[in-house]
């Protein structure tokens, strides 16, 4: 065994040292890698902004978000969970109203919000009527004045979807300051 170890040590002694790489070559490679990385990052950033429309983050249509959230509520549509359903469906519609019409719906009580919506002129009278009926139905379920049947919950869910879909293509009305 000693022979192998001795031979190995002798063999290693006969090897030549690897050639030295000049520090300027190492520095040049590092600088080149940094430049390539910066150019690539800038190119990807421009490409992303072009795809996003320049905002930096993709703009998501509030109606698509609301419709997806409403469709996900189907698991809560049973009479034993009518209060939870009413809370969730109302929150989705209120958030939609804030994002789509710039109405501060999530922070307001129903009465306060309905007064603001009527005064703002951002919703037309038919939208306000649908919204008021929808919110009052949800209020009754949220505060235990009624327990929604499957038919009531389905009708409320469909009313929310219809409201969002109807508001989707409509231009946002400007405030009348006259």
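Order by neighbour count: 149, 63, 167, fewest other Cβ atoms within 10 Å first, most last.
Exposure proxy ranking, most exposed first: 149, 63, 167.
What is the ratio of the Cα radius of gyration of region 62-168 to 2.2 N^0.38 Å, where N is its residue count, to two decimals?
0.99
Order by neighbour count: 46, 168, 100, fewest other Cβ atoms within 10 Å first, most last.
46, 168, 100
Need the full-extension length gain, residue 40 to residue 14, defined as separation in residues times 0.36 nm minus the C-alpha distance. One decimal, nm.
That works out to 4.8 nm of additional length.
Taking the Cα-to-Cβ direction at residue 102 and at residue 140 and moving 7 Å from each Cα, how far apart do the two end points lie in nm?
Each label point lies 7 Å from its Cα, and together they span 3.5 nm.
Determine the gain in length on full extension of the stretch residue 151-residue 133; use 0.36 nm per residue of separation and subtract their C-alpha separation, reporting nm with one decimal.
Extra length available between residue 151 and residue 133 comes to 4.9 nm.
Here, each number is a calculation from the coordinates, and none is a lab measurement. All values derive from a computational prediction rather than experimental measurement. When we count neighbours, we look across all protein chains shown, and the Cβ atoms used for this are built from the backbone with ideal geometry, even at glycine.
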